[in-house]
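The values are calculated or read from the model by the stated rules, or taken from the named source; none is laboratory data. Bear in mind the structure is a predicted one, so any value in this text is a computation, not a measurement. Cβ sites come from the backbone with ideal geometry, for glycine too, and all protein chains shown count toward neighbours.
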């Protein structure tokens, strides 16, 4: 089984691929992948969560000051759904327009939802790794924290995995970082790219100089370790 940790596209029904579809809360509605309506009602999210494995959260780009608690309450509700496998993507981004202190507040709330639901956190982190590490040290989470779309240097990759983070690699990344981290801390994802997940596994296996099937098996074990009932 090929696991795609984070995608913005609806799965095409390939039985060899299992994906976590990103559902992001955007103001008064949830944004779901591009081949569905741009935003949907809460009923639409219910339907999505009944059809696909997904993650649900408030992206730092989409934080709005109005109705934040109402939105967080909805995420907490959906976090109990069986097909909701993770909280996020959520996190910190110093390049977006959202007030950084507000980002911290909303991220902290989603950490709490992750812990209460017993589900991992898929993290968007841009220019904020010092703050992210500080959050992890202060909150001491029991659930896995996964930095999605990691593109950092090997030194940063080693530091983060030593601190207990998992890293998910997409279409573009520093190949030396992929080589340096423990394989039990590794995931792959398509994110919003048009690349298929099997191609990403082939590329990563070649970089790591291991058989593709060994990588498939390892990432499968990683998924089963942090998301006990993925299917």
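Only residues that are farther than 19 Å from residue 91 by Cα, surrounded by 15 or more Cβ atoms within 10 Å (Cβ to Cβ) and under 17 Å from the mean Cα position of the chain (by Cα) were counted in region 149-184, giving 2. Where helices (runs of 4 or more DSSP H) fall wholly inside region 109-212, the ranges with 2 or more residues that are closer than 22 Å to residue 18 by Cβ and modelled with pLDDT of 95 or more are 197-208.
Can residue 202 be described as out of contact with any helix residue (DSSP H, G or I) (no Cβ under 8 Å at 6 or more places or on another chain), without any contact (Cβ under 8 Å) to a residue 12 or more places away in the chain and within 22 Å of residue 2 (Cα to Cα)?
Values: out of contact with any helix residue (DSSP H, G or I) (no Cβ under 8 Å at 6 or more places or on another chain): no; without any contact (Cβ under 8 Å) to a residue 12 or more places away in the chain: yes; within 22 Å of residue 2 (Cα to Cα): yes.
Considered against the rule, which asks whether it is out of contact with any helix residue (DSSP H, G or I) (no Cβ under 8 Å at 6 or more places or on another chain), without any contact (Cβ under 8 Å) to a residue 12 or more places away in the chain and within 22 Å of residue 2 (Cα to Cα), residue 202 comes out as no.
For region 59-71, the criterion of a residue being under 25 Å from residue 18 (Cβ atoms), outside any helix (DSSP H, G or I) and either without any contact (Cβ under 8 Å) to a residue 12 or more places away in the chain or within 12 Å of the chain's Cα centre (by Cα) (or both) is satisfied by at least one position. Within region 72-99, being surrounded by fewer than 15 Cβ atoms within 10 Å (Cβ to Cβ) and in a helix (DSSP H, G or I) holds for one residue alone: 73.
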